[in-house]
Structure formats: C-alpha cells, structure tokens
Amino acid sequence: MSVDLPVIDLGDFLKRGRHNGDNDAAEACSAIAGTLQKNGIAIVRDPRLPENLPRRFVGLMERYFAQTDALKQPDARPEIGYQVGWTPSFIERAKARPDAIARLAAEHRPTPMHTADPKERFFASIGKKPPTTRFGWLNAAPVVPAAFPEWYDVTGAWSTNLVSTVYTVLEMAARGFGERDDLFTSFLEYGPHLLAPTGSNLAKYGTPGTVLAGFHDDLNFLTAHTQSNYPGLRAWTRKGESFFAKVPEGCILVQAGQQLEYVTGGSVLCGLHEVLALDVAQEKIRAEIAHGRVPWRISSTLFATASSDELLRPVGQFATDEALEHYPGILAGDQVARELEAIELVHA
Ligand SMILES: [Fe+2]
C-alpha cells in the first residue's frame with residue numbers, strides 16, 4: 001500500500017512565481033493540480049512555516065486534551081453543533097458510505113466501524129468575520145481555555161501559517177489548471193476556517209486496528225496538517241487505492257474537501273480517509289505509559305472553509321453543463337449544515 005507523493009516546494013512560486021514565466025514555479029503548480037486530481041492529496045513544503053511551530057502546537061494540544069473531561073466540559077458548545085470549542089469522544093459519527101465502499105477492492109476497504117469516533121476535537125475559529133451572514137452560528141466567537149496563557153499566541157501563529165499555506169496551494173492549483181490564481185481562494189475570504197486538532201487517548205484506544213476516526217471525507221474546502229505525533233492516517237486515491245500517508249517532518253499535507261470537489265465539478269474529488277491506531281505505534285505508547293504519561297495522538301488539522309454565504313458551484317473550465325447539473329448551486333453554509341447533521345454534530 002504505497003502511493004508516491006513527492007514533496008512539492010512552494011518556495012519558487014512564493015519568490016518569483018507570481019510573475020508568469022517562472023518554469024520551476026509552473027512545474028510546481030502543475031504538480032499540485034495533478035496530485036490533487038489523482039490523489040486528492042498533496043504534500044508541500046512551505047518555507048514560511050517556522051521550524052519549531054508544529055511541535056509547539058502539538059505540545060499545547062497534548063496538554064489540553066490530557067485534562068480531565070470535567071475541565072474540558074465548559075469549553076463544549078453542543079448548542080451550535082460543537083462548531084467552536086471542545087467535542088468529547090463518541091459524538092461525531094462518520095456517515096455510512098456503503099456505495100463508496102462497494103466500489104473498492106477487498107484489500108482497499110476501510111476498517112469496519114460501528115460506533116461514533118473515539119477521537120476528541122477542539123475547534124478554534126479563525127479568519128475574518130463576514131460583515132453580514134445568514135449563518136451566525138457557523139461564525140461564532142472562539143473559545144479560549146483559561147488555563148493556557150500561551151493559547152492565543154500558539155494557535156494564532158499556527159493558524160496564520162497554515163491559512164497562508166492553504167491560500168498558496170490553492171493559488172498554485174488554480175494556475176496549474178490554467179485558471180486565474182484566485183479562482184479558488186475567492187471562495188474563502190470570509191470563510192469560517194477552523195483550527196481543528198484532534199486528540200485520541202491511545203492508552204484507551206491504542207490497540208492496533210482501533211478506528212479513531214471512521215472512513216469519511218471532509219466537508220470543507222481544503223484541510224491541512226503537519227506530521228502527527230503518532231501515525232495512522234489512511235487515505236484513498238481517486239482510483240480507490242488506500243495508503244498510509246506519511247508526512248515528512250516540516251512538511252504539510254493538504255487534502256481536498258467536499259467544497260473543492262464542488263467548485264471543480266468533480267475534477268478534484270474530496271479525499272476519503274480514516275484514522276487508525278497502528279502496530280508501529282505500540283512501542284511508543286508503551287514507553288509513554290511506562291513514564292507515567294498518557295499517550296495522546298494529536299493531529300494538527302486546519303479546515304479552510306468557503307464563506308458561509310458564498311454560492312458553491314463549478315467555476316471556470318469546470319463549469320460544464322454536466323458538472324452544473326451534477327453540482328447544482330448551494331450556499332456553503334447550507335452545505336455545511338447538511339453535512340453537520342449527517343455526522344450527528346447537529347440534530348434537526
Ligand atoms: Fe477528516
């Protein structure tokens with residue numbers, strides 16, 4: 001199970017590539033568009049990402065999730081579908097996907113999952129608030145846990161960096177498709193982007209093969225994360241081949257969400273994935289427990305999302321008659337609400 005995902009450097013585009021005619025940047029743009037089309041995923045290196053920031057962010061979230069549920073409970077906002085603050089274990093449930101699974105060869109089927117996800121999550125809202133919106137509940141003020149004085153600095157630096165990466169990746173992808181640079185980013189200006197780290201307690205859920213997040217795709221535009229502190233992300237290509245995604249240190253994995261599929265009329269498909277506890281993590285889990293620490297798997301996820309009041313529809317070369325029929329216009333806020341209900345974060 002291996003898929004060749006070369007690391008694509010954003011440096012040439014950032015340095016010179018905004019002027020047309022830079023060959024290295026043009027090659028990188030084509031590579032990003034190509035791998036998003038083929039795999040739904042790209043791995044990139046962004047020279048703007050400070051070297052120690054991923055570790056600081058993961059460290060902060062390890063300490064956050066290691067608190068008792070009683071301490072985290074005040075940070076939960078079930079009344080708005082947990083769209084800011086803490087989501088406890090066994091709340092979010094991946095949608096059943098019998099059709100998608102039936103199309104996969106036996107060795108590429110996802111791990112059966114019959115419960116909601118054991119993972120916990122924290123949503124920190126970021127980005128510019130829209131001047132007016134029909135979707136106030138999707139654009140709520142952030143929760144800032146009082147016990148972490150460095151919270152604002154670390155999460156702020158993290159979100160600024162990863163949002164910049166997402167914008168650059170999307171500009172490069174647009175150029176790689178031969179479109180104007182802002183074809184995709186124009187959807188994101190007032191997007192309710194979320195820092196969305198997950199925490200999975202591997203002392204409880206670390207047995208090899210345990211599903212931490214069931215087979216799903218992401219409802220947003222583009223997801224970004226750096227290397228997790230434990231492996232476990234299994235992703236599927238467009239052709240239905242599954243593989244364990246390896247993110248080299250200092251690199252960023254981006255994965256297409258439903259909204260990017262929508263605006264490309266399916267030219268890019270949102271990437272299916274699941275997260276598992278793995279055999280290779282057992283030694284580290286045992287070592288942590290032996291040192292009296294709880295092993296938490298932390299993902300450093302950021303969800304970049306289209307502005308809630310923006311109409312999602314195929315655009316540019318992707319607006320073919322067939323695509324427009326298959327992906328009829330829908331407000332991003334309505335699409336997000338529909339999906340939140342499907343994964344049981346919101347109850348109608
Ligand atoms: Fe996901």
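None of the figures in this text is laboratory data; all of them are computed from the coordinates on show. Worth saying up front: this structure is predicted, and the values here are computed from it rather than measured. Reconstructed Cβ throughout: ideal geometry from the backbone, glycine too, with neighbour counts over all protein chains shown.
Among rounded, prolate and oblate, which fits the range 6-147 when a ≥ b ≥ c are the square roots of the eigenvalues of its C-alpha gyration tensor, a/c under 1.5 means rounded, and a/b larger than b/c means prolate? Write down the numbers at each step before the final one.
On the way: a/c = 1.89, a/b = 1.32, b/c = 1.44.
Judged from the Cα gyration tensor, the range 6-147 comes out oblate (a/c at least 1.5, b/c at or above a/b).
Counting alpha carbon pairs within less than 8 Å and at least 6 residues apart, what relative contact order, in whole percent, applies to the chain?
Values: 727 pairs, mean separation 81.8, N = 348.
This gives 24 percent for the chain.
Please list the helices of the chain that count as membrane-span-like by this rule: a mean Kyte-Doolittle hydropathy of at least 0.0 together with Cα atoms stretching 27 Å or more along the helix axis, each helix being a complete DSSP H run. Write down the numbers at each step before the final one.
Numbers: long enough: 151-176 (37 Å, 0.27).
Flagged H segments are 151-176.
For 64, 205, which order do you get if you count the other beta carbons within 10 Å of each Cβ and list the fewest first?
Lowest to highest Cβ neighbour count: 205, 64.
How would 296, 158 line up from fewest to most surrounding beta-carbon atoms within 10 angstrom?
On the way: 296 22, 158 26.
Fewest to most other Cβ atoms nearby, the residues stand as 296, 158.
When the chain is modelled as a GNM with alpha-carbon springs shorter than 10 Å, which of 172, 61, 113 fluctuates the most?
The residue that fluctuates most here is 113.
I'd like to compare 282-288, 262-268: which one has the highest average count of other Cβ atoms within 10 Å, and what's the full order after that? Show your work: numbers first, answer last.
Values: 282-288: 14.0, 262-268: 23.0.
Ranking the peptides 282-288, 262-268 by packing returns 262-268, 282-288.
Using a Gaussian network for the chain with springs between C-alpha atoms less than 10 Å apart, which of these wobbles most: 81, 178, 191?
Largest GNM mean-square fluctuation: 178.
Tell me the Rg and the Dmax, in Å, that the Cα atoms of the range 178-298 produce.
Final numbers for Rg and Dmax: 16.7, 55 Å.
Along each of its three principal axes, how wide is the spread of alpha-carbon positions in the chain, in whole angstrom units, largest first?
56, 44, 43
Using a cut-off of 20 Å between alpha-carbon atoms, which lysines can reach residue 284, once sequence neighbours fewer than 8 places away in the same chain are excluded?
Within the straight-line limit of under 20 Å, residue 284 reaches these lysines: 119, 204, 246.
Show which aspartates and glutamates lie in cross-link reach of residue 128 when reach means a straight Cα distance below 18 angstrom and same-chain residues fewer than eight apart are skipped.
Cross-link targets: 153, 182, 189, 309, 310.
Can you give the net charge of the other residues whose Cβ lies under 12 Å from the Cβ of residue 115, counting K and R as +1 and D and E as -1? Could the numbers behind the result be given before it?
Details: positive: 93, 119; negative: 92, 117, 344.
Neighbourhood net charge equals -1.
Just to be sure I understand the curve: with the Debye formula and one point per C-alpha of the range 96-225, what is log10 I(q)/I(0) at q = 0.12, 0.17, 0.20 Å⁻¹?
-0.70, -1.14, -1.22
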